[in-house]
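Inspection log for the structure reproduced underneath, given as structure tokens.
The values are calculated or read from the model by the stated rules, or taken from the named source; none is laboratory data. Everything numeric here is computed off the predicted structure, so don't read it as measured data. Cβ coordinates were reconstructed from backbone atoms using ideal geometry, including for glycine residues, and neighbour counts include every protein chain displayed. Ligands, DNA and RNA are stripped out before the accessible areas are found, and what is left, the full protein with its side chains, is counted by its heavy atoms. Shrake-Rupley method; radii C 1.70, N 1.55, O 1.52, S 1.80 Å.
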Amino acid sequence: MSIIKRGLTSFDLKLIGIILMVFDHIHQMFYFEGVPLWFTMLGRLVAPIFLFLSAEGFYYTRNRKKYMLNLLIGFWICQILFMAVPAILPNSKVELINTIFGTLFLGLCAMWVYDGFFGKVKYIGKAVLGLLFLIVTPFVTMFVMASQDMPLIIKQIFIFFIPSVLTVEGGPIFILLALMFHIFRNKKIGTYLTLVLVSLFIFISSPQNDQWMMVFSLLPIYLYNGEEGRKEKWLFYIFYPLHIIVLYLLSTLIFL
């Protein structure tokens with residue numbers, strides 16, 4: 001009852017997301033040892049929580065460009081680690097792909113573009129460039145990957161180091177969800193309805209995809225009280241790649 005009365009701070013939401021994320025990745029790394037499917041089902045709640053928090057962070061941060069740059073650097077670091085570690089210690093049962101940092105970065109790009117067109121302080125020219133980046137990058141990536149003459153190193157750069165709506169985790173749906181969280185930031189009903197409708201769309205269009213279960217993240221988001229709580233700026237940036245690499249190493253060195 002005290003939690004319901006007090007609500008959840010941004011830090012509380014982050015901790016919930018981190019805990020559920022660990023369950024999800026434990027299933028990813030040890031599914032072949034019989035880890036139950038409900039571990040990864042819990043993980044379906046993670047993305048909306050962090051997308052919601054990214055919209056809050058975008059609103060409150062004093063330096064949006066630095067916030068976006070931090071996510072982009074986090075994306076690059078994860079991509080390097082997720083390529084290097086499996087190359088050194090291969091695991092035929094586990095694949096390290098994508099990173100939520102790329103999705104969060106593109107979500108912030110979409111928010112920044114939206115504000116450039118519709119915010120109180122408009123920057124139309126820059127917003128157009130940002131919109132072109134979001135729209136054109138996927139087509140360039142597809143062209144590069146389809147080209148028979150393109151050097152492998154160029155293909156790897158586009159796939160692994162240039163975030164695109166077609167290659168990041170969750171794709172266009174997650175980026176749209178992040179943008180809608182930003183647009184409806186002061187309209188709670190709009191936030192809740194967006195999450196429900198996106199979850200319903202996933203369920204109808206792809207019933208076998210358990211990502212629709214992210215609708216249950218509605219509860220912790222509903223309990224959010226708008227306060228920051230404990231300040232741990234770098235907790236997620238450090239913990240995210242660290243726990244994935246540790247779990248991968250345990251999976252590879254112990255069970256294979």
query: Out of (1) of a type in the set (A, V, I, L, M); (2) open to solvent by less than 60 Å² (accessible area, probe 1.4 Å); (3) assigned to a helix (DSSP H, G or I), what's the single condition that is false for ILE135?
result: (2)
query: Going through the range 181-197 one residue at a time, which ones are hydrophobic (A, V, I, L, M, F, W, C) and open to solvent by 20 Å² or more (accessible area, probe 1.4 Å)?
result: ILE183, PHE184, ILE189, LEU193, VAL196, LEU197
- request: Return yes or no: is PHE158 open to solvent by 20 Å² or more (accessible area, probe 1.4 Å) and under 20 Å from the mean Cα position of the chain (by Cα)?
  value: yes
field: Cross-chain or 6+ apart pairs with Cβ under 8 Å, the range 163-192 first and within 16 Å of ILE97 (Cα to Cα) and in contact (Cβ under 8 Å) with a residue 24 or more places away in the chain, then in a loop (DSSP other than H, G, I, E, B) and open to solvent by 40 Å² or more (accessible area, probe 1.4 Å)
entry: THR167/ASN98; VAL168/ASN98; GLU169/ASN98
task: List the number of the failed condition for LEU20; all other conditions in (1) in contact with a Lys or Arg (Cβ under 9 Å, 6 or more places away or on another chain); (2) free of Cβ contacts under 8 Å to residues at least 60 places away in the same chain; (3) farther than 25 Å from PHE255 by Cβ hold.
output: (3)
Single residue of LEU69, LEU42 found to be crowded, with 17+ Cβ neighbours inside 10 Å and in a helix (DSSP H, G or I): LEU42
- prompt: Restricting the range 231-256 to residues that are over 22 Å from the mean Cα position of the chain (by Cα) and in contact (Cβ under 8 Å) with a residue 24 or more places away in the chain, which is most open to solvent (accessible area, probe 1.4 Å)?
  reply: LEU253
